[in-house]
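The structure under discussion appears below in the form of structure tokens.
Just so it is clear, none of the values below were taken in a lab; they were calculated from the coordinates. Note that this is a predicted model, so its numbers are computed, not measured. Please note: Cβ atoms are built from the backbone with ideal geometry, for glycine as well, and neighbour counts cover all protein chains shown.
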Amino acid sequence: MFSVKGPVVDLLKAERTALNLLQHISGIATFTSLFVDRVKKYPVRVCDTRKT
């Protein structure tokens, strides 16, 4: 764990940003997991790319 110190307004802004990021990447992981499950019985693999 960790702790942070600073002005409350700035901490609350950072908290919201961090929560939004975590929700976004969690959604991507869940979506990817669905694809992996769907192709499990085939001789393929799901790969990632950093390109958008």
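Computed over the Cα atoms, what is the radius of gyration of the chain divided by 2.2 N^0.38 Å, N being its residue count?
That works out to 1.76 for the chain.
Note on the chain: dipole from Cβ charges, positive end direction compared against L22, G6, Y42; the farthest Cα belongs to Y42. Once each of the trypsin sites (Lys or Arg not before Pro) sitting in a DSSP loop with at most 14 other beta-carbon atoms within 10 Å is removed, the chain keeps 6-39 as its longest stretch.
Straight Cα distances below 22 angstrom link K13 to the lysines K5, with same-chain residues fewer than 8 positions distant left out.
Here is the list for region 1-41: chymotrypsin sites (Phe, Trp or Tyr not before Pro) lying in DSSP coil, each with at most 12 other C-beta atoms within 10 angstrom of its C-beta, are F2.
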